[in-house]
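Comments concern the structure below.
The values are calculated or read from the model by the stated rules, or taken from the named source; none is laboratory data. Note that the structure is a prediction, hence the values are computed from the model and not measured. No Cβ is skipped: glycine too gets one built from the backbone with ideal geometry, and neighbour counts run over all protein chains shown. Side chains are part of the model used for accessible areas, which takes the heavy atoms of the whole protein and leaves out ligands, DNA and RNA. Shrake-Rupley method; radii C 1.70, N 1.55, O 1.52, S 1.80 Å.
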Amino acid sequence: MSVKYILPIFLTASGLASAVTINVGSEGFGGGVNNWPGGEPPSTTIDGAGQKYLNFGKLNTGVVVTPGSGSSVATGITLWAANDAEERDPASYQIFGTNADVSGGVSYDSSLFTLISEGGVSLPASRNTGGIAEPLLAANSFSTSFANATGYTSYLILFPTLKDEGLANSMQIAEIQLSGAGGDIFAPQDSVFGVQAASTIPEPTSGLLALLGLAPLLRRRRK
């Protein structure tokens with residue numbers, strides 16, 4: 001008797017393995033659309049103040065930032081809560097890095113980016129007032145650190161989930177800052193694009209775990 005193993009392909013949240021398209025949004029007020037009000041654009045995520053970025057695309061929305069200072073090694077992230085509607089707060093994050101030129105695209109393929117870190121987000125109930133010149137307060141923030149030794153010239157930060165996806169009509173965040181051994185990585189003059197991924201980008205190790213977990217179930221024997 002011989003044993004034949006049929007190994008599965010890697011799985012994503014949607015089923016079969018595939019690349020995910022990351023689309024650049026635009027100014028607008030369309031519900032469920034990857035757009036934002038003119039006064040709450042993506043650039044406010046790195047302006048050093050409490051003014052927020054809001055995206056009506058809700059899930060899997062975020063930013064692509066290219067620091068003007070060049071390559072950096074990110075080992076931490078801090079997020080600041082927006083001024084209202086706590087249900088719109090991100091409940092999870094994903095950070096990706098790339099050394100590809102992402103300075104002018106209208107869409108990107110997820111294969112350009114390498115996952116650096118992902119996890120849950122616990123922003124406090126305390127709110128910023130949302131003023132353009134309002135200072136950022138530590139009491140309104142969430143921070144976490146992670147292991148990373150690779151330098152990247154651009155970063156993709158996505159928020160796959162929200163605190164209350166049923167109640168929220170958008171995702172909002174006041175500020176995003178990555179940090180490393182040299183201090184803060186983002187600065188107000190850096191290039192920022194508001195984006196939304198077409199679907200959740202799975203962590204590579206999740207696909208591996210799926211493979212290992214499903215292999216015994218897909219084992220076939222023949223005599």
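Of all residues in the stretch 56-67 being open to solvent by less than 20 Å² (accessible area, probe 1.4 Å) and in a strand (DSSP E or B), which is farthest from Gly31 (Cα to Cα)? Break it down stepwise before answering.
At the first step, the residues of the stretch 56-67 found to be open to solvent by less than 20 Å² (accessible area, probe 1.4 Å) are 57, 60-65, 67.
Those left that are additionally in a strand (DSSP E or B): 61-65.
Working: Thr61: 14, Gly62: 16, Val63: 19, Val64: 22, Val65: 25 Å.
Going through the qualifying residues, I end up with Val65.
May I ask you to list the residues in the stretch 92-123 that are assigned to a loop (DSSP other than H, G, I, E, B), touching a strand residue (DSSP E or B) at 6+ places or on another chain (Cβ under 8 Å) and open to solvent by 30 Å² or more (accessible area, probe 1.4 Å)? Give the steps one after another, and end with the answer.
Here is the first cut: in the stretch 92-123, the residues assigned to a loop (DSSP other than H, G, I, E, B) are 99-106, 113, 121-123.
Cutting the leftovers down to touching a strand residue (DSSP E or B) at 6+ places or on another chain (Cβ under 8 Å) gives us 99-100, 102-103, 105-106, 113, 121-123.
The answer is Asn99, Ala100, Ser103, Val106, Ser122.
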Exercise for review: Look at the stretch 68-91 and say how many of its residues are over 23 Å from Ser26 (Cβ atoms) and open to solvent by less than 10 Å² (accessible area, probe 1.4 Å).
Suggested key: 6
Revision key, fill the gap. All conditions in (1) more than 19 Å from the chain's Cα centre (by Cα); (2) touching a residue at least 40 places away in the same chain (Cβ under 8 Å) are true of Ala139 except (2)
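Of all residues in the stretch 93-131, count the ones that are among the β-branched types (Val, Ile, Thr) and either within 14 Å of Gln172 (Cα to Cα) or touching a helix residue (DSSP H, G or I) at 6+ places or on another chain (Cβ under 8 Å) (or both).
Narrowing the stretch 93-131 to residues among the β-branched types (Val, Ile, Thr): 95, 98, 102, 106, 114, 116, 121, 129.
Within this subset, residues satisfying the condition of being either within 14 Å of Gln172 (Cα to Cα) or touching a helix residue (DSSP H, G or I) at 6+ places or on another chain (Cβ under 8 Å) (or both) are 98, 102, 121, 129.
Count: 4.
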Practice item. Only residues that are surrounded by 23 or more Cβ atoms within 10 Å (Cβ to Cβ) and small (Gly, Ala, Ser): list them for the stretch 171-196, please. Key: Ala174, Gly194
Review point. How many residues does the stretch 139-170 contain that are under 18 Å from Phe56 (Cβ atoms), open to solvent by 60 Å² or more (accessible area, probe 1.4 Å) and out of contact with any Lys or Arg (no Cβ under 9 Å at 6 or more places or on another chain)?
Key: 1
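One residue is enough: does the stretch 193-216 have a residue meeting the conditions of a type in the set (Val, Ile, Thr), closer than 28 Å to Asp109 by Cβ and modelled with pLDDT of 95 or more? Working first, answer last.
To start, the set of residues in the stretch 193-216 that are of a type in the set (Val, Ile, Thr) comprises 195, 200-201, 205.
This time we only want the ones that are closer than 28 Å to Asp109 by Cβ, so: 195, 200-201, 205.
In the following step, the residues that additionally are modelled with pLDDT of 95 or more were identified as 195.
Within the stretch 193-216 (the criterion being of a type in the set (Val, Ile, Thr), closer than 28 Å to Asp109 by Cβ and modelled with pLDDT of 95 or more), the answer is yes, since at least one residue qualifies.
Of Gly76, Gly70, which residue is at pLDDT 95 or above, under 15 Å from the mean Cα position of the chain (by Cα) and not aliphatic (A, V, I, L, M)? Explain how you work it out, then say what you get.
Numbers: Gly70 fails: under 15 Å from the mean Cα position of the chain (by Cα).
Result of the check over Gly76, Gly70: Gly76.
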Point to revise | Boolean, Ala74 is farther than 24 Å from Ala181 by Cα and of a type in the set (Gly, Ala, Ser) | key: no
Revision key, fill the gap. Over the stretch 101-136, the set of residues free of Cβ contacts under 8 Å to residues at least 40 places away in the same chain and in contact with a Ser or Thr (Cβ under 8 Å, 6 or more places away or on another chain) is Leu112, Thr114, Gly119, Gly120
